[in-house]
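Worksheet: one structure, shown below.
The values are calculated or read from the model by the stated rules, or taken from the named source; none is laboratory data. Every value quoted in this text rests on a predicted model; they were computed, and no experiment measured them. Note that each Cβ is placed from the backbone with ideal geometry, even for glycine, and that neighbours are counted across all protein chains shown. Only protein heavy atoms, including side chains, enter the accessible area calculation; ligands, DNA and RNA are left aside. Shrake-Rupley method; radii C 1.70, N 1.55, O 1.52, S 1.80 Å.
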Amino acid sequence: MDFELPGEDDPRRLEVRRWLAEHPRPSGPQLAEAGFVAPHWPRPWGVDADPVHQLIIDDELRRADVRRPVNPIGIGWAGPTILAAGSEAQKERYLGPMLSGQEVWCQLFSEPGAGSDLANLATRAVRDGEVYVVNGQKIWTSFAHVARFGILIARTDADAPKHQGVSYFICPMDLPGIEVRRIIEMTGAHLFNEVFFDDVRIPAENLVGEENRGWALAKVTLANERVSLSSGGVLWGDGPTAFDLVDLVRGAGGVADPLLRQRLARVYIEAEILRLIRLRTVTAAVRGHPPGPEASVRKALADEHGQHVMGLAKDLAGTAGMLTTAGPMGEPDGVWNYGFLFSPALTVGGGTAEVQRNIVAERVLGLPHDFDVEAGKTWAEARRG
Ligand SMILES: Cc1cc2nc3c(=O)[nH]c(=O)nc-3n(C[C@H](O)[C@H](O)[C@H](O)COP(=O)(O)OP(=O)(O)OC[C@H]3O[C@@H](n4cnc5c(N)ncnc54)[C@H](O)[C@@H]3O)c2cc1C
């Protein structure tokens with residue numbers, strides 16, 4: 001790490017402390033009103049925080065044991081897009097309850113025939129006076145069963161090339177014609193759903209940005225990662241870390257099996273590499289440098305690392321691992337079994353492992369495009385003419 005966080009007497013730190021003294025157990029709406037949920041957003045939603053200011057606020061909230069509202073798709077995806085391209089009325093209506101966690105959001109992007117190749121989407125939205133009439137199907141929609149709103153991409157010009165003719169909407173999830181069918185995961189949990197649209201009438205004022213310009217918006221939030229020092233758990237920032245697993249093994253007196261010991265050393269090394277990559281990213285942000293390739297490299301490594309950690313935890317448990325109640329060293333299990341069953345999803349959601357590698361190959365290593373967008377062909381097809 002090539003920077004130091006400002007000390008105890010930094011005025012920005014003192015300001016957060018003063019606020020926390022007045023709000024010792026802050027609610028979601030109070031945190032949102034103070035601008036501490038997404039401090040890097042512009043005022044009045046955030047506090048225009050630069051990277052160091054963000055790290056200070058994180059630091060102070062952590063010390064005070066204050067947790068931010070949980071609304072990952074709203075705050076991580078929908079919000080930044082509305083900030084970038086939404087109307088003033090949309091910002092006014094949606095951003096406050098999103099930040100406070102009072103209105104949960106979902107993301108209606110993937111379809112049965114459009115995942116990695118998202119531009120292949122077939123859901124149609126046809127303008128009819130003051131509404132768009134939407135027909136089609138989405139899938140893998142996390143939180144659709146609890147969401148108040150969804151960000152929806154749908155085709156508004158069927159004749160345009162596939163990256164054009166797509167529009168971006170705010171979709172109220174209680175509109176007539178929307179059917180949410182749950183999908184139960186192999187973890188036993190219910191996270192995602194299928195969502196069917198049958199002549200759903202979305203008000204035209206819910207279009208974000210311009211009609212047929214939604215593809216650029218669908219990508220807008222990718223550059224919006226909040227600066228965070230914490231590398232978090234191995235399940236996309238949640239759950240335990242490799243260091244937690246090593247501590248568990250150490251606490252139980254170690255492990256004799258040489259192969260398990262090697263695998264423990266391996267996940268420890270991976271975790272340390274990921275921690276250093278994270279610090280590099282933060283250092284660059286603090287110095288005002290644009291985000292480098294580290295984020296793509298990090299995701300490619302981190303997703304597989306999560307699978308290595310969870311697979312090892314299961315193998316450490318031995319035959320007891322067949323019970324959902326037994327953790328890696330025989331202790332009662334809270335998270336490891338769920339993490340093991342969830343971990344295959346890590347290399348699928350948010351861009352598969354292969355797609356991450358394509359990004360690294362093209363943008364970091366400068367290798368030719370996998371897919372020639374203009375010609376609508378793969379690179380190999382384009383070369384053959
Ligand atoms: C936990 C979880 C939560 C999710 N939540 C949401 C959500 O809230 N909203 C939403 O819209 N979607 C969500 N998704 C869906 C997710 O975005 C898609 O699963 C993902 O984009 C992959 O698409 P797909 O499943 O259709 O697989 P496909 O794209 O069909 O891929 C199948 C296989 O082909 C490979 N492949 C595809 N293209 C290439 C290529 N060009 N080069 C090399 N290999 C390739 C892939 O890597 C993969 O192995 C979620 C997924 C998961 C796992």
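Below are the figures for this structure:
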| quantity | calculated |
| --- | --- |
| Alpha-carbon centroid distance for the pair the range 143-187 / the range 291-359, whole angstrom | 28 Å |
| The range 32-156 - Rg (one decimal) and Dmax (whole number), Cα, Å | 16.8, 53 |
| In Å, descending, principal axis extents of the Cα set of the range 1-82 | 35, 32, 21 |
| Gaussian network model of the chain, springs between alpha carbon atoms under 10 Å - residue of Leu108, Leu83, Leu323 with greatest fluctuation | Leu323 |
| Inverse mean reciprocal Cα-Cα distance (Kirkwood Rh) of the range 257-345, Å | 14.5 Å |
| Student exercise, the range 73-184 dipole from Lys, Arg, Asp, Glu Cβ charges, in Debye to nearest 20 | 240 debye |
| Environment charge of Ala122, counting only residues whose C-beta is closer than 9 Å and scoring Lys/Arg +1, Asp/Glu -1 | +1 |
| DSSP-assigned coil residues among trypsin sites (Lys or Arg not before Pro) in the range 118-211, each with at most 11 further Cβ atoms within 10 Å | none |
| Residue-count net charge about Gly349 - beta-carbon cut-off 14 Å; Lys, Arg +1, Asp, Glu -1 | -4 |
| GNM result for the chain, Cα springs below 10 Å: residue of Asp174, Asp333, Asp159 fluctuating most strongly | Asp159 |
| Full-stretch length increase - Glu88, Asp159 - with 0.36 nm per residue and alpha-carbon distance subtracted | 22.4 nm |
| Charge dipole magnitude, Cβ of K and R +1, D and E -1 - the range 274-331, Cα centre, debye nearest 20 | 380 debye |
| Surface per residue (accessible, 1.4 Å probe) for the chain, Å² | 52 Å² |
| Most positive-pole-ward Cα, Leu367, Trp77, Val66, against dipole of the chain from beta carbon charges | Leu367 |
| Check: the chain dipole with +1 on Lys, Arg Cβ and -1 on Asp, Glu Cβ, in debye | 420 debye |
| Listed residues Ala78, Ala353, Ala160, most fluctuating in the chain (Gaussian network, C-alpha, under 10 Å) | Ala160 |
| For the chain, alpha-carbon Rg and Dmax in angstrom | 22.6, 72 |
| Value of [θ]222 nm, deg cm²/dmol, for the chain, DSSP H segments ≥ 4, -39500 (n - 2.57) each, nearest 500 | -11000 deg cm²/dmol |
| Distance between modelled label sites at Ala64 and His190, nm, 7 Å Cα→Cβ extension | 3.6 nm |
| The chain, accessible surface, carbon-and-sulfur percent (1.4 angstrom probe) | 54 percent |
| Where labels lie 7 Å past Cα in the beta-carbon direction, separation of Ala320 and Arg280 in nm | 3.9 nm |
| Linear extension gain, Asp48 paired with Glu210, 0.36 nm per residue minus alpha-carbon span | 55.7 nm |
| Cα-projected label distance for Phe243 with Glu362, points at 7 Å along beta-carbon direction, nm | 3.6 nm |
